[in-house]
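Structure record follows, encoded as C-alpha cells.
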Amino acid sequence: MGILLVSVLFVVCRGSTESDYATHEQKQDNSFSNLRTQLKNGTPQEKEEVLNLFMKDYPVDLVPTVIEAILDDTVSPRHGDTGWARVHHQAATAMCKFAYQIDGKFQKERGRDKYSFYNDGGVGTESRRNEVHKNWVEWWKENEKNITKK
C-alpha cells in the first residue's frame, strides 16, 4: 500500500462546480510550473522561498525539481548570522525532510555523507553535489511508486 501525500496549493470552496474545480486544477498546474521555473532560474531569494514552501507543504510535484536543485551552487541569501550557505545545501536538507515523511528515516540514519552536505559546512564541491544528487535520484526512483498523489 502506498503512502498518500497531498500536493494541493488551492482549496476548492464549498459550492464550486466541476468547471470551477478544473479551473483550480489548471491554476495549480500553472503554480507548479511557476515554482519550478523560480527554483531553476529565479533569484537566490526566489529559490530559497520555493524550497521553504516545499519544506512546509511537501508538494510531490516539485520533488524532481528539488532534486535537480542539489546541483545548484547559487549562494543563498543571508539572514543575519543564519541561513543556508548554498541552494544545494537547502535542497538536500529539504529532500531529507521530505523522505522522512515517506520512509521514517532521519538524515543521520539515511547517511549524512550520502544524502546531505552536513559535513561539508553546507558548501559541497561539484563532485559532492553530483554524488548527493545521484543518491537522491536513485532514492526517488525506488520510492516514487509508493507515493500516491491526490
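When the range 76-135 is filtered for residues that are closer than 22 Å to Gln38 by Cβ and among the charged types (D, E, K, R), the ones remaining, listed by number, are Arg78, Arg86, Lys97, Arg129. Scanning the range 124-150 for residues that are more than 20 Å from Met55 (Cα to Cα) and of a type outside the set (Lys, Arg) turns up Gly124, Thr125, Glu126, Ser127, Asn130, Glu131, Glu138, Glu142. Checked against the criterion of being at pLDDT 90 or above and farther than 19 Å from Val60 by Cβ, the range 92-99 has no qualifying residue. A search for C-beta distances below 8 Å between a residue of the range 135-146 that is in contact (Cβ under 8 Å) with a residue 40 or more places away in the chain and part of a helix (DSSP H, G or I) and any residue that is surrounded by 11 or more Cβ atoms within 10 Å (Cβ to Cβ) and of a type in the set (D, E, K, R), counting only pairs 6+ apart in sequence or on different chains, returns Asn143/Asp103. Figure legend. Inter-residue proximity from the range 33-55: first residues among the polar types (S, T, N, Q), second residues surrounded by fewer than 19 Cβ atoms within 10 Å (Cβ to Cβ), beta-carbon distance below 7 Å, spacing 6+ or different chains. Indicated pairs: Gln38/Glu46; Gln45/Pro77.
Do we have Asp103 as under 13 Å from Trp139 (Cβ atoms) and either free of Cβ contacts under 8 Å to residues at least 12 places away in the same chain or not polar (S, T, N, Q) (or both) here? Yes, satisfied. The requirement of being in contact (Cβ under 8 Å) with a residue 12 or more places away in the chain, surrounded by fewer than 20 Cβ atoms within 10 Å (Cβ to Cβ) and not aromatic (Phe, Trp, Tyr) is satisfied by Ala85.
Elements of the type helices (runs of 4 or more DSSP H) sitting completely within the range 55-132 and holding at least 1 residues that are under 22 Å from Asn41 (Cβ atoms) and not β-branched (Val, Ile, Thr): these cover 63-69, 87-103. Taking the conditions (1) in contact (Cβ under 8 Å) with a residue 12 or more places away in the chain; (2) closer than 20 Å to Lys145 by Cβ in turn, Asp72 satisfies each one other than (2).
The values are calculated or read from the model by the stated rules, or taken from the named source; none is laboratory data. Given the structure is predicted, the values throughout are model-derived calculations rather than measurements. When we count neighbours, we look across all protein chains shown, and the Cβ atoms used for this are built from the backbone with ideal geometry, even at glycine.
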